[in-house]
Amino acid sequence: MLSDREERAARDLEAALLSDTSFVRAASPLVARLRSAAGSVVVGVDTSGSAQAVEWAAAEAAGQECPLRIVHAFRTPFLVDPLGLVPSLDELVEAQTDAAQVLDDAVGRAGAISPGIPVDGRLVRGNPARVLHEESRQAWLLVLGGRPSSRSHSAIHRLLHAPLPITLAGSSGCPVAVVHGLRSDRPPPSPTRIVVGLDDPGHDGAAIAFAFRAAHRRGLGITAVHAWTPDRPADLEGVAAAPAATEATARQLLDRALAPFRADFPDVPLTAEVVRQDAGTAVIAGCDDAAMVVLACRGRGHLRNAALGRVTRAVLDGAPCPVAVVRGEPVVR
């Protein structure tokens, strides 16, 4: 049993190792081999059917040559309603039957998309966030359907009542991919690249590794976007660095972080962009023809969830393609 001090030291060591780009590159193949026996792509479905998420997850599992697990967590009617009446047995059976039909439809759709992979369906009565969080512990990737969040609520309300993708992206044990439904007003463009948004390139090695491996499997290029803003003086009399110097530093950080991956994936075309813009806006501006957007997530606890909600919510609302949020160790191969 470790003491509190030893546990803190272990967490600090873990964070230091995972922020080291060289360590991430060296550890990625080993982690993939260790997880190959049990790892799978997990997709959560709901009463909407999550058709696009299921299809995307099936194709991703086929590309990674791993099993696909489809999970539908549902809630039964309250046993006691406000009038004190207990739902009939027929109502409970109907809820179970409807949930089973949702799952069966999703399993059939996945099998039609990727008939060569094992597909496992799991029906669970419980809280979807808790069920999928538990599933993520043994998964390579968790896939969810996404919808734009409501802008009719205040920022505080949206932070305290985060939708399921935001909640799980900040707490799951594996990368989370959120797949939007197709827009009906225009056909989807042919994807030519994967966009990876980097807030702190020197500490976003897991997201970079995820993006490069995904691009390599798909035969696509990568656009790495690092947004920066001018330094602000600490007070009215403070002196801030010149914008040109800040931009040069940002460029150096990005080039240094990408250099090892350029060497490991020489067949993946790479474009590095350093832009003076808000992070969310910068990523959205360049993803119209993207197959996927990859974002990095670091830290632990409620502060991470708050920061994640601000940036990721903007990208989820604005990006027309799947968005993957990656944190911790690189769990893809």
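The values are calculated or read from the model by the stated rules, or taken from the named source; none is laboratory data. All values derive from a computational prediction rather than experimental measurement. Virtual Cβ from ideal backbone geometry, glycine too; neighbours counted across all protein chains shown.
For this structure, a couple of remarks:
- Within the range 171-187, one or more residues are surrounded by fewer than 23 Cβ atoms within 10 Å (Cβ to Cβ), at pLDDT below 90 and not in a loop (DSSP other than H, G, I, E, B).
- In summary, A38 fulfils each of the numbered conditions (1) under 21 Å from the mean Cα position of the chain (by Cα); (2) assigned by TED's automatic domain parsing to the domain that holds P118; (3) modelled with pLDDT of 70 or more with the single exception of condition (3).
- Candidates are the residues of the range 204-227 that are in contact with a helix residue (DSSP H, G or I) (Cβ under 8 Å, 6 or more places away or on another chain), part of a helix (DSSP H, G or I) and of a type in the set (A, V, I, L, M); the one that is modelled with the lowest pLDDT is A206.
- All conditions but one from (1) at pLDDT below 90; (2) of a type in the set (A, V, I, L, M, F, W, C); (3) touching a helix residue (DSSP H, G or I) at 6+ places or on another chain (Cβ under 6 Å) apply to I156; the one that does not is (3).
- Matching option when the condition is among the aliphatic types (A, V, I, L, M), at pLDDT 90 or above and in a loop (DSSP other than H, G, I, E, B), among I117, I70: I117
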